[in-house]
Amino acid sequence: MEYKNILIGTDGGDLMAPVYDNAAYFARLTDATVHIAYVLDVAGFTAYPVDSSWENMYDVLLAEGKNIVASAKKDLASRGTNDDRIITTVLDGHPAEELDTYAGSHDIDLIIIGSHGRKGLDRLLIGSVADKVVRGAKVPVLIIRSR
């Protein structure tokens, strides 16, 4: 399989290094463009009243998302990925749905995401974005379990 467009879903966490390692490896092998996406999941804030403080909070979250993808871009470039072949974006919505939608609209051939490997009650209560991406994706998904 030749991957021309690879999508990384990042949460900006400390456990993303193995995801970036694998994405950089595949990008070098196939000269692929790497898309890095961070998703603002603001659904948890629906109980809060929408007023001017919400706009300020959203702006802060958006700025943080932009910082996260900029940092991820630097990490990939330091691993040998051509800086001109890295595209960053911040999306807004449910992470799994947004990643799947982005993949479909940008000719993504492979999605690479991390997983914390939660089990049992933690997974039930917190959910698994990775699991939801796999179930909805129309392209192969590589899940990298955190170390």
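The values are calculated or read from the model by the stated rules, or taken from the named source; none is laboratory data. Nothing here was measured: the structure is a model prediction, and the numbers come from that model. Positions of Cβ are backbone-derived with ideal geometry, glycine not excepted, and every protein chain shown enters the neighbour counts.
Laid out as a table, the results:
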{"read-out": "Residue within the stretch 22-29 that is surrounded by fewer than 13 Cβ atoms within 10 Å (Cβ to Cβ) and either part of a loop (DSSP other than H, G, I, E, B) or at pLDDT below 85 (or both) present", "value": "no"}
{"read-out": "Residue list for the stretch 54-73, filter: of a type in the set (D, E, K, R), surrounded by fewer than 16 Cβ atoms within 10 Å (Cβ to Cβ) and under 22 Å from GLY114 (Cα atoms)", "value": "GLU64, LYS66"}
